[in-house]
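Here's the structure we're looking at; comments come further down.
Just so it is clear, none of the values below were taken in a lab; they were calculated from the coordinates. Just so it is clear, the model here is predicted, and its values are computed rather than measured. Counting neighbours? That spans all protein chains shown, and the Cβs are built from the backbone with ideal geometry, glycine included.
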Ligand code: AMP
Ligand code: GLY
């Protein structure tokens, strides 16, 4: 099968690494990819939202399967674009329809969906410029902290946890009146703060059957001890010790199954991944957010632990046999640590030369996934805020983290930074 993978991050390098292991994978193309994905297929210089260029490529390269990494093309309707086009409709698209991708594309949509389906989530209300004064009054009587969310996609920056009423009022006004995130913040969801530990669970579904393909804990803050600004994710560990059988059962019974059944009941077509961002509040799972894709850097620990052939799973998702698939996991722990550019998540420089260890110097239980990198002749240069994700397996999380750091010590580029304390709550 010829496969086109859309995206360019660490998630896509991990997907390319995993799919290239499948005997179902003939030619693998990655658009646009990075210096790492080029080791597993052919990078194509396409924009992830240029659907016409993607169509031309699908026809030219005789693509059978389109795997969509990031949310933007999904929220913009790449699934529907393919299914409504005679030349493309036979292609297996891994990703939900535009209507279903609203689970990620609109916070208000996802809150209403959870309300209709009785799925546990924080209490909330939504506001626009039309009921701005009512929003201010809602904030004034709300307990603290209070969470404000821009309704639409805001590159991971649309959520504010305000610790004072004044801060909440200021953010509310900036989002709605000053249109801080453009159209994405014309509507704002205000919700109560859930206190607990976060965990991300990943499911592959065809809209009726589903399989849990893994879970992970992401470390989102830039600074050690979970301090400083939010990032796309500075590292991940899997499995997470508190995800015991009892918590997993509650998650499946109260959240995962009702979500998949709710999608079917509401006629929301879904063939792809659901990312459940959960909060464990005193042993009870609540949904913080849905995403319609895999996480980054969660994928860099989830796929290394998944032993099942991913391309075969995608084919099963498409041909109605997903229910029969056997999912198995590597029993070892996995940890990934992100090496980022100096200044990230603020301004940072690109084009710095990366010194990488030779393949023979990387232990066999360690994987160096590229994120923001680009090839330039023989060199690999930085090309983003998050540059590399170094994943290692270990007997426990502490061991996996220690191994990842051993390889990180052999990598360098000007301004390189990584968190030394990924997995700090789980030393063994
Ligand atoms: P989201 O984009 O909805 O995932 O929000 C980004 C981050 O904000 C989450 O990963 C949480 O760390 C935090 N967050 C969002 N909603 C809440 C909430 N209701 N309570 C506590 N933290 C939250
Ligand atoms: N690491 C969080 C995300 O992918 O949304």
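Short to long, the 10 Å bins of the Cα pair-distance histogram for the stretch 154-275 hold 10, 29, 35, 23, 3 percent of all pairs. When you restrict to C-alpha pairs under 8 Å that are six or more residues apart and normalise by the size of the stretch 140-189, the relative contact order lands at 43 percent. Of 355, 298, 378, which is the most mobile in a GNM of the chain whose springs link Cα atoms less than 10 angstrom apart? Of the options given, 378 has the highest mean-square fluctuation. Quick one: compute the contact order of the stretch 113-204, relative version, from alpha carbon pairs under 8 angstrom and 6+ residues apart, as a percent. In percent, rounded to a whole number, it is 37. Per residue of the chain, the DSSP helices (runs of n ≥ 4 H) give a summed -39500 (n - 2.57) that works out to -7500 deg cm²/dmol at 222 nm.
With semi-axes defined as the square roots of five times the eigenvalues of the C-alpha gyration tensor, the equivalent ellipsoid of the stretch 1-152 measures 39, 17, 14 Å, largest first.
Sort 87-97, 48-58, 323-333 by the packing proxy (mean of other Cβ within 10 Å over each peptide's residues), most packed first. Walk me through the numbers before you get to the answer.
Working: 87-97: 19.6, 48-58: 16.8, 323-333: 13.3.
Result, highest mean first: 87-97, 48-58, 323-333.
DSSP finds beta bridges in the chain, and of those with both partners inside it, around 80 percent are antiparallel.
In terms of the ratio Rg/(2.2 N^0.38 Å) built on C-alpha atoms, what value belongs to the stretch 288-428?
On the way: Rg = 16.9 Å, N = 141, 2.2 N^0.38 = 14.4 Å.
Ratio of Rg to 2.2 N^0.38 Å for the stretch 288-428: 1.17.
Exposure proxy check: 164, 37 ranked by fewest other beta carbons within 10 Å?
Arranged by neighbour count, lowest to highest, 164, 37 become 164, 37.
Where a ≥ b ≥ c are the square roots of the eigenvalues of the C-alpha gyration tensor, would you call the stretch 83-172 rounded, which needs a/c under 1.5, or, failing that, prolate if a/b is larger than b/c, or oblate? Taking the square roots of the gyration eigenvalues as a ≥ b ≥ c, the stretch 83-172 is prolate.
Using only the Cα atoms of the stretch 125-195, build the gyration tensor, take square roots of its eigenvalues as a ≥ b ≥ c, and label the shape rounded, prolate or oblate: rounded if a/c is under 1.5, else prolate if a/b is larger than b/c, else oblate.
Taking the square roots of the gyration eigenvalues as a ≥ b ≥ c, the stretch 125-195 is oblate.
Largest first, the extents of the alpha carbon coordinates of the chain on the three principal axes equal 61, 50, 43 Å.
Treating r as the C-beta distance of residue 164 and residue 319 and R0 as 60 Å, the FRET efficiency rounds to 0.65.
Taking all Cα pairs closer than 8 Å and separated by 6 or more residues, the relative contact order of the chain comes to 17 percent. The packing ranking of peptides 289-295, 218-224, highest mean first, is 289-295, 218-224, where packing means the average number of other beta carbon atoms within 10 angstrom of each residue.
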